[in-house]
Amino acid sequence: MLKATTSNKIKKHVSTKVGELEYTHKDIFLFKNGIYGFENLKEFIITTLPYENTPEVYRCLQSEKEESLTLIMMNVTVNSKGASLIDMKDLEPHLHSKNLELKDVAIFLVTSIYKEAGEHRVSVNTAAPIILEPRSQEGWQVILDSPAYHVQHFLV
């Protein structure tokens, strides 16, 4: 998992739809192909959410150029034992094509929160996970071509 920024570098602020975010250069990841639907945006800030008591698995994916583009992501564990939302065998070809190993990356799923009939429902996009490689500060969104994955996989 990615660690929250504790660097003494120059901190910047951006106002987003989830609140004021604080970040440094180390929080900016380059997505050479953008993310699906926003291919023209290449630089994204990855930081914690500005709310107290937010579970550590959640992060904010914020476009550095487009303040209105803010996505909430959930960090997931990937393994080959079938105990995770993403199976390693489905992710492996994407990692291999980028010369990456699972131990060197963090895998995130874009999260959506809905309010239906007065109750909150949470879904994640298991069909298009986001891969982050902290050493190079690069990111990719990949498409998993399997009927096992859904754009809306409800958790709650």
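Just so it is clear, none of the values below were taken in a lab; they were calculated from the coordinates. What you see is a predicted model; the values in this text were computed from it and never measured. Cβ coordinates were reconstructed from backbone atoms using ideal geometry, including for glycine residues, and neighbour counts include every protein chain displayed.
May I ask for the net charge around VAL122, where only other residues with Cβ less than 13 Å from the Cβ of VAL122 are counted and Lys, Arg are +1 while Asp, Glu are -1?
With Lys, Arg at +1 and Asp, Glu at -1, the net is 0.
Under the Karplus relation 6.51 cos²θ - 1.76 cosθ + 1.60, θ = phi - 60°, what is the ordered set of whole-Hz ³J(HN,Hα) values for the stretch 25-34, x standing for Gly and Pro?
Working through the residues one at a time gives 4, 5, 8, 9, 10, 8, 10, 4, 9, x Hz.
With each label point set 7 Å from Cα along the Cα-Cβ vector, what nm distance links TYR58 and GLU43?
So the label points at TYR58 and GLU43 sit 2.7 nm apart.
With charges set only on the Cβ (+1 for Lys and Arg, -1 for Asp and Glu), what does the dipole of the stretch 12-154 come to about its Cα centre, in debye to the nearest 20?
Its charge dipole is roughly 120 debye.
In sequence order, what are the phi-derived ³J(HN,Hα) couplings for the stretch 113-123 according to the Karplus relation 6.51 cos²θ - 1.76 cosθ + 1.60 with θ = phi - 60°, rounded to whole Hz, with x for glycine and proline?
So the J values, rounded to whole Hz, are 10, 10, 10, 10, 6, x, 10, 8, 10, 10, 10.
Between [x] 60, 40, 25; [y] 63, 39, 28; [z] 46, 42, 29, which entry matches Cα extents along the principal axes in Å as derived from the coordinates of this structure?
[z]
Please state the shape class of the stretch 15-98: rounded when a/c is under 1.5, otherwise prolate if a/b exceeds b/c and oblate if not, all from the C-alpha gyration tensor.
oblate
Mind checking the full-extension length gain between ARG135 and GLU116? Use 0.36 nm per residue of separation minus the Cα-Cα distance, one decimal, nm.
2.8 nm
At 7 Å along Cα-to-Cβ for each site, give me the label-to-label distance between GLU67 and LEU30 in nm.
A separation of 2.7 nm, rounded to one decimal place.
With θ set to phi - 60°, apply the Karplus curve 6.51 cos²θ - 1.76 cosθ + 1.60 along the stretch 87-104 and write out the HN-Hα couplings as whole Hz, x wherever there is a Gly or Pro.
8, 4, 4, 7, 8, 3, x, 5, 5, 4, 5, 10, 6, 10, 10, 4, 5, 9
Quick one: which residues, 5 or more positions from THR47 or on another chain, have an amide H under 5 Å from its amide H? H modelled 1.01 Å from N in the peptide plane, none for Pro or chain starts.
Counting only residues 5 or more places away or on other chains, the set is CYS60, GLN62.
Of the peptides 20-26, 121-127, 144-150, how do they stack up when ordered by the mean number of other Cβ atoms within 10 Å, highest first?
With the highest mean Cβ count within 10 Å placed first, the list reads 121-127, 20-26, 144-150.
Just tell me which aspartates and glutamates come within less than 17 Å, Cα to Cα, of LYS9; anything on the same chain fewer than 8 places away is out.
GLU22, ASP27
Past the 24 Å Cα-Cα mark, which pairs from LYS42/LYS89; LYS26/LYS81; LYS32/LYS65; LYS12/LYS98?
Where the Cα-Cα span goes over 24 Å, the pairs concerned are LYS42/LYS89; LYS26/LYS81; LYS12/LYS98.
Hey, can you grab everything whose amide H is under 5 Å from the amide H of GLU138? Only 5+ residues off in sequence or another chain; H modelled, so Pro and N-termini drop out.
HN-HN under 5 Å from GLU138: LEU30, GLU133.
With a cut-off of 8 Å between alpha carbons and a minimum separation of six or more residues, what is the relative contact order of the chain in percent?
So the answer I get is 18 percent.
Taking the Cβ of TYR149 as the center, what net charge do the other residues with Cβ under 13 Å away carry, scoring Lys and Arg +1 and Asp and Glu -1?
Net charge in that neighbourhood comes out at -2.
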